[in-house]
Amino acid sequence: MTVKAKLVDDMTASIATWHGVAPPNDVALRMLGDLEKLIRDFEALRGTLRFEDEPSSFEAALREAASIGVRS
């Protein structure tokens with residue numbers, strides 16, 4: 001069993017345990033398999049994001065986001 005298959009099996013079991021459902025089709029299983037790469041990609045960014053450099057950067061980003069006007 002490959003690491004990817006083990007992750008899919010473990011996640012499928014967890015979903016069934018916690019939510020009582022199974023992945024509905026092969027696409028859902030493939031997406032669970034893709035999740036491992038996504039997790040690794042996010043882990044690779046650890047320590048490189050500005051938000052992690054200093055807490056004030058996060059607060060500044062929140063203020064900037066709040067000041068953006070929304071047009072309707």
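Values in this text are rule-based calculations from the coordinates and carry no lab data. Quick caveat, the model's predicted, so the values are computed rather than measured. Cβ placement follows ideal geometry from the backbone for every residue including glycine, while neighbour counts extend to all protein chains displayed.
Some points to look at:
- The rule of thumb for compact globular proteins, 2.2 N^0.38 Å, goes into the C-alpha radius of gyration of region 3-69 1.65 times.
- Additional length obtainable on full extension of the chain from Phe42 to Met11, 0.36 nm per residue less Cα span: 9.3 nm
- Highest mean packing first, where packing is the average number of other Cβ atoms within 10 Å per residue, the peptides 22-28, 39-45 line up as 22-28, 39-45.
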